[in-house]
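Since the structure comes first, as structure tokens, the remarks are kept for the end.
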Amino acid sequence: MSKADEPRKRPGRTRSAEPEAVRTLERGLIVLRVLGEQSAATLSEVARFAGLSASTTYRLLQTLRQQGFAHEEAGIWQVGIQTFVTGRAYAELDGLVAAAKRQMESLVAETGETVNLAVLQAPDVMYVHQVEGRGLMRMFTQIGARSPLYCTGAGKALLAWRDESDLADLVGAGPYPAFTERTLTSLAAYQAELAEVRQLGYALDNEEREDGVRCVAVPIYGAGGTVTAAMSLSAPASRLGDERVGELAATLQAAAREIAVRLGGQRA
């Protein structure tokens, strides 16, 4: 857009540019999130995933590059070093990854399956750490990736012990999109599922997010005695049959108690 085409500012409305600045910031953060989720992408791919025009995306990427949040080489865009610095600062401030890392590594060594650490980012769970399993078929989740609360084991573990009056605000009133034929698509069905999670002390994603993949998840308690994170173990359904769920849940619960101690939470 040329200067001649730009809308003229009206006198006496000095704050009129603020909404546009906020919108630009929002778009920039969307682009940054896309870079984090895709790990490497072309300009056209970033634009498509962000839902923006190529020209707008290019300007935002250049700004992110200038600030160190994006890096470009041979037409491929990735997150920049400043993203790592910012993320590391968050992880160190929170202390969650540091508290959980050793136990997660022990779980993988014991079970051979992939273990994830997730936090609440309503209406999603966000995965903040992962230790990959050792099997031929390994479950991989990009750090920083998100999945809906209603169809993940981690999401159930994060929400089961919260006040039910908050549930609709956090996960939505439904109906929810179905990823598989096993996905819970109504709030009532999800509430019933969470009641069972509270009774069992662990959650199960029974191929609700992806066919052929099951997940066992447990809550991790923080300093205030509230659920601050969830830890999950993911595996192909062929390796995570019903006969193995209880044993793995107990193993995860023991590890979660140790992590809670490091966080200053409860051991129960």
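Points to keep in mind about this one:
- A single member of Gly144, Gly133 is modelled with pLDDT under 95 and either part of a helix (DSSP H, G or I) or open to solvent by 10 Å² or more (accessible area, probe 1.4 Å) (or both), and it is Gly144.
- Tally, over the stretch 215-250, of residues that are open to solvent by less than 20 Å² (accessible area, probe 1.4 Å) and touching a helix residue (DSSP H, G or I) at 6+ places or on another chain (Cβ under 9 Å): 17
- Against the test of being polar (S, T, N, Q) and at pLDDT below 95, the options Ser238, Ser232 yield a single qualifying residue, Ser238.
- Taking the criterion of being in a helix (DSSP H, G or I), charged (D, E, K, R) and over 12 Å from Leu149 (Cβ atoms), the residues of the stretch 165-200 that qualify are Glu196, Arg198.
- Residues in the stretch 17-67 that are over 23 Å from Val85 (Cβ atoms), open to solvent by less than 60 Å² (accessible area, probe 1.4 Å) and among the polar types (S, T, N, Q): Thr42, Ser53, Thr56, Thr57.
- Residues of the stretch 219-232 that are within 16 Å of Val128 (Cβ to Cβ) and assigned to a strand (DSSP E or B): Pro219, Ile220, Val227, Thr228, Ala229, Ala230, Met231, Ser232.
- In the stretch 235-263, the residues that are closer than 14 Å to Gln103 by Cβ and touching a residue at least 12 places away in the same chain (Cβ under 8 Å) form Cβ pairs under 7 Å with partners that are open to solvent by 40 Å² or more (accessible area, probe 1.4 Å) and charged (D, E, K, R), at six or more places apart or across chains, as follows: Thr251/Glu110; Ala260/Arg267.
- All of (1) farther than 28 Å from Ala254 by Cβ; (2) modelled with pLDDT of 95 or more; (3) within 17 Å of the chain's Cα centre (by Cα) hold for Ala217 with one exception: (1).
- Ser186 vs. criteria polar (S, T, N, Q) and open to solvent by less than 20 Å² (accessible area, probe 1.4 Å): no
- Qualifying positions in the stretch 251-268 - assigned to a loop (DSSP other than H, G, I, E, B) and surrounded by 22 or more Cβ atoms within 10 Å (Cβ to Cβ): Gly265
The values are calculated or read from the model by the stated rules, or taken from the named source; none is laboratory data. What you are looking at is a predicted structure, and each value in this text was computed from that prediction instead of being measured. So basically every Cβ, Gly included, is an ideal-geometry build from the backbone, and we count neighbours across all protein chains shown. When the accessible area is computed, the model is the full protein with side chains, heavy atoms only, and any ligands, DNA or RNA have been set aside. Shrake-Rupley method; radii C 1.70, N 1.55, O 1.52, S 1.80 Å.
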